[in-house]
1. Quick check on my filter: what residues within the range 14-42 are modelled with pLDDT of 85 or more, in a loop (DSSP other than H, G, I, E, B) and either surrounded by 10 or more Cβ atoms within 10 Å (Cβ to Cβ) or in contact with a Leu (Cβ under 6 Å, 6 or more places away or on another chain) (or both)?
2. Checking Asp7 against (1) part of a strand (DSSP E or B); (2) touching a Ser or Thr at 6+ places or on another chain (Cβ under 8 Å): exactly one of these is not met. Which one?
3. When the range 137-158 is examined, which residues are found to be assigned to a loop (DSSP other than H, G, I, E, B) and either modelled with pLDDT of 75 or more or over 13 Å from the mean Cα position of the chain (by Cα) (or both)?
4. State which residue is modelled with the lowest pLDDT when the search covers only the range 63-95 and only residues that are surrounded by 12 or more Cβ atoms within 10 Å (Cβ to Cβ) and under 30 Å from Phe19 (Cα atoms).
5. Across the range 96-130, what is the number of residues that are surrounded by fewer than 10 Cβ atoms within 10 Å (Cβ to Cβ) and over 29 Å from Ile147 (Cβ atoms)?
6. Can you tell me which of (1) loosely packed, with under 12 Cβ neighbours inside 10 Å; (2) modelled with pLDDT under 90 is the one Glu48 doesn't meet?
7. Only one of these is free of Cβ contacts under 8 Å to residues at least 12 places away in the same chain and in contact with a helix residue (DSSP H, G or I) (Cβ under 8 Å, 6 or more places away or on another chain): Leu41, Leu61, Leu74, Leu9. Name it.
8. Looking at the range 124-136, is at least one residue modelled with pLDDT under 90 and assigned to a loop (DSSP other than H, G, I, E, B)?
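The values are calculated or read from the model by the stated rules, or taken from the named source; none is laboratory data. Being a predicted model, the structure only gives us computed values, none of them experimental. Using ideal geometry, Cβ is built from the backbone for each residue, glycine included, and neighbour counts are taken over all protein chains shown.
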Amino acid sequence: MAYSYEDGLFHLENSSLGFGFICSPLAGGDDRVADRFNNLLNMAWPPETILQFCLWTSPDLLPERILISGEDELPEVLQEIRNSRVEFLRQGADAPLDAGGIVLRDIKLIVTARFPVARDYPDSAESRLAVELREAAAETLKTCGIISGSWRPSSTGRKVPDGGGIPPPSMTVTG
């Protein structure tokens, strides 16, 4: 598997291309959201395309990302509240919050697409089609209000041995 920074596509095993998105899951939906997802499923995908939707939980809450504008100018009491919340999130990711065993997790929806190409290396027309499909899929996910970013090496912000930030095998478009 390889990633092309030029076109934002993964070049996968078995003569195929893929791409993915890291999204925030929806807490609910209505007919409009269902219609938008239906548009995604009914795009002009090449034959034998695989679309995968996977909920992924992680203890990597990154509470240090809790930022408040003008943070340096915050009154001391607000700085203490912020610091308490950051510490609460850190502790909740490592150990259960209560006797019920609830542990805090960051939840993401990983949406991936994988489709075959004629040869081991795609020609320019296949690459162009893949980029067009990725862009159309991204727009559709944006209209649903869930897209956070494209999946690429180091998207997780974690150091993954032999993976360069690529999700575990059960999460990849090759799986």
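1. Result: Ser15, Ser24, Pro25, Leu26.
2. For Asp7, the exception is condition (1).
3. Filtering the range 137-158 down to residues assigned to a loop (DSSP other than H, G, I, E, B) leaves 145-146, 151-158.
Gly145, Ile146, Arg158, listed by residue number.
4. Here the residue is Pro63.
5. Step one: filter the range 96-130 for residues surrounded by fewer than 10 Cβ atoms within 10 Å (Cβ to Cβ), giving 98-101, 119, 124.
Those left that are additionally over 29 Å from Ile147 (Cβ atoms): 98-101, 119.
The total comes to 5.
6. Of the numbered conditions (1) loosely packed, with under 12 Cβ neighbours inside 10 Å; (2) modelled with pLDDT under 90, the odd one out for Glu48 is (2).
7. On the way: Leu41 fails: in contact with a helix residue (DSSP H, G or I) (Cβ under 8 Å, 6 or more places away or on another chain); Leu61 fails: free of Cβ contacts under 8 Å to residues at least 12 places away in the same chain; Leu9 fails: free of Cβ contacts under 8 Å to residues at least 12 places away in the same chain.
On inspection, the qualifying residue turns out to be Leu74.
8. No - not one qualifying residue is present in the range 124-136.
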